[in-house]
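What follows is a short report on a single structure.
Read-outs: derived from the displayed coordinates by stated rules, not from any lab. The structure displayed is predicted, hence computed values, not measured ones. Neighbour counts run over all protein chains shown; Cβ positions are idealised from the backbone, glycine included.
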Amino acid sequence: MSLMPSCKDITEHSSDYLDKHQPFFERLAFRMHLFLCVNCRRYLSQLKLTIATIGKIEDAVPQPVDEQQARAIVTALREEMEKKD
């Protein structure tokens, strides 16, 4: 990577930047590029949002149910729907 990273460098190494796995001067060059380039700032912002969203989705994954529980849920929903009719 050169003294001032290109937009391609930013996209290729942005996860290292976010994880702080870069030497000080590389991080400094990244920050300078981000200061000057609105598109890379947007890209990094979207990447942060994606990472945060994936983290929340993994926490919200429901636990699997067995066949008996699934049948009970379907039966309860059918009964509820019949009551509304």
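Dipole orientation for the chain: of the candidates 22, 4, 45, 4 has the Cα lying most toward the positive pole (charges on Cβ; Lys, Arg +1; Asp, Glu -1).
Across 50, 75, 11, mean-square fluctuation computed from a Gaussian network of the chain (C-alpha pairs under 10 Å connected) peaks at 75. Calculated mean residue ellipticity at 222 nm for the chain: -26000 deg cm²/dmol, from DSSP H runs with n ≥ 4 weighted as -39500 (n - 2.57), summed, divided by the residue count and rounded to 500. Computed from point charges on the beta carbon alone (+1 for Lys and Arg, -1 for Asp and Glu), the dipole magnitude for segment 7-84 about its Cα centre is near 480 Debye. Modelled spin-label separation between residue 67 and residue 25, with each label point placed 7 Å from Cα along the Cα-to-Cβ direction: 6.6 nm. Taking Cβ separations below 4.7 Å as the criterion for a possible disulfide partner, the isolated cysteines in the chain are 7.
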